[in-house]
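A quick write-up on the structure given underneath.
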Amino acid sequence: MSAPARAVSLATPANDNGAPKTAPVLLPYQIRWLEDRSRVKLMEKSRRIGATWATAAEAVLLASSGQSDVWYVCYNEESTKEFIRDCKRWMQWLGFAAGQLGQQIGDQNAGGAFSIAFPSGKRITGLSSPRNLRGKQGLVIIDEAAFHLDLPELLKAAFALLMWGGQVWILSTHNGADNAFARLCDEVRDGKRDYSLHRVTILDALGEGLYQRICERLGQPWN
């Protein structure tokens with residue numbers, strides 16, 4: 001299963017008269033992340049650069065178009081709720097294409113999961129416990145992987161989905177050089193694992209427009 005290229009082409013804001021603005025919503029490093037169609041991909045990143053926000057956009061497109069269920073796993077419940085809120089914001093923002101993308105028909109908190117259901121039959125589900133991942137199918141997003149208590153066991157459950165065409169996306173800031181996530185990134189760099197690896201430092205993000213975007217969001221002048 002590959003990520004749809006249209007996720008990036010849709011991420012262009014519109015003016016009040018419906019005409020698109022010139023500046024894209026997503027920054028270059030976010031676009032590269034979404035355009036990467038690898039079945040397993042990692043991003044080692046700085047904090048607060050919008051990686052999870054961009055990932056939420058792709059989750060909405062995949063689920064609403066009927067291409068895949070999406071399972072999001074983070075290390076705490078509040079982050080899981082925030083991801084679902086980000087997905088809802090993208091659904092509102094993409095409302096101009098609601099006929100194609102589908103509409104939110106359910107939002108429930110049951111069995112430790114926070115879920116958005118689409119008319120396509122697919123769902124975006126934020127799992128409050130990694131144990132709930134077993135037996136699922138689709139795209140698995142593991143956020144802040146370096147802070148999970150038992151990342152190897154979580155990866156074992158996630159990689160099982162690859163047997164039937166799933167995808168696994170792993171994002172995180174670092175939490176020490178000896179952490180399981182850091183070791184996984186090193187194994188990819190050393191060619192021991194055939195995964196895709198993205199690295200975005202705060203300087204990388206600033207060089208590709210992060211501060212300009214922050215100023216736009218806050219209504220402050222940029223220089």
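The values are calculated or read from the model by the stated rules, or taken from the named source; none is laboratory data. Just so it is clear, the model here is predicted, and its values are computed rather than measured. A quick note on method: Cβ atoms are made from the backbone with ideal geometry, for glycine too, and the neighbour counts reach across all protein chains shown. Side chains are part of the model used for accessible areas, which takes the heavy atoms of the whole protein and leaves out ligands, DNA and RNA. Shrake-Rupley method; radii C 1.70, N 1.55, O 1.52, S 1.80 Å.
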Amide H to amide H, which residues 5 or more places from ARG193 or on other chains are under 5 Å from it, using H placed in the peptide plane? VAL188
I need the calculated FRET efficiency for the pair GLN220 and GLU78, taking r as the beta carbon distance and R₀ as 30 Å, to the nearest 0.05. 0.65
Per-residue accessible area for ILE214 at 1.4 Å probe radius, Å² rounded to 10? 70
Potential lengthening between ASP204 and ARG85 on full extension [0.36 nm per residue; Cα-Cα distance subtracted]: 40.2 nm
Over the range 126-223, give the accessible area per residue in Å² for a 1.4 Å probe, as an integer. 57
Might you tell me the accessible area per residue for the range 25-94, computed with a 1.4 Å probe and given in Å²? 36
Can you compute the modelled spin-label distance between ASP150 and GLN137, with each label point 7 Å from Cα toward Cβ, in nm? 2.6
Which residues qualify? For VAL25, with a placed amide H closer than 5 Å and at least 5 residues away or on another chain, they are THR12
Take the cross-link list LYS88/LYS156; LYS41/LYS81; LYS81/LYS122; LYS45/LYS88; LYS41/LYS88 and give me the ones stretching past 21 Å between alpha-carbons. LYS88/LYS156; LYS41/LYS81; LYS45/LYS88; LYS41/LYS88
